[in-house]
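Written below as structure tokens is the structure these notes are about.
We did not get these values from a lab; they are worked out from the coordinates using the rules stated. Being a predicted model, the structure only gives us computed values, none of them experimental. Neighbour counts are summed over all protein chains in view; Cβ atoms, including those assigned to glycine, are modelled from backbone coordinates with ideal geometry.
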């Protein structure tokens, strides 16, 4: 156990400081220096690349879940579109509501990133579309927020249906997590509307 005795200090520094505090070794002192531990030998693990049939047996975000690839791409696109929309709305809503929408935009981007990571683990290909979406059509802020609220409810229902339709336990958990977060995001939209 190569543990530091004082944060940022090695054993040598600790001993020097201790000798300044306690220059004379006393028998009634409750502290004594422990012997320096032996350094641990590194453990080397050699692994063989998985055989083709072993790779197919991966049940958690493995090639067997490739059937969900287009679905994941669609969800990534939807989350990024919602991210851009919330960014645009954050600039139009003053005060706390704008800050809430800005935070929501960041959460939507993180959610898209989690879905993109799952896509990569399943397919081995990175999917992160370029910003090809245009700014949302100019409409009253309240109407745009209402539209986002409804879209989030539809996405949450879609995530729940996707969770029920997969045999991959990790993908199922990701879809459930995404559904819960999307429902929470809808309530953020509601809170912004309540403040207006």
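Neighbour counts of other Cβ atoms within 10 Å put 113, 19 in the fewest-to-most order 19, 113. Between residue 16 and residue 184, the modelled labels are 4.8 nm apart [label points 7 Å from Cα along Cα→Cβ]. Between residue 114 and residue 60, the simple label model (points 7 Å from Cα in the Cβ direction) yields a spacing of 1.6 nm. Extension gain, residue 164-residue 141: 0.36 nm per intervening residue step, less the Cα-Cα distance, totals 4.8 nm.
Taking the number of other C-beta atoms within 10 Å as the exposure measure, put 86, 60 in order starting with the fewest.
In order of increasing Cβ crowding within 10 Å: 60, 86.
Which translational diffusion coefficient, to the nearest whole µm²/s, is obtained for region 91-175 from the Stokes-Einstein equation, given a Kirkwood hydrodynamic radius over C-alpha pairs, 10 °C and 1.306 mPa s? Could you put the intermediate results ahead of the total?
Numbers: Rh = 15.2 Å.
Rounded to a whole number, D works out at 104 µm²/s.
Between residue 176 and residue 121, the modelled labels are 1.5 nm apart [label points 7 Å from Cα along Cα→Cβ].
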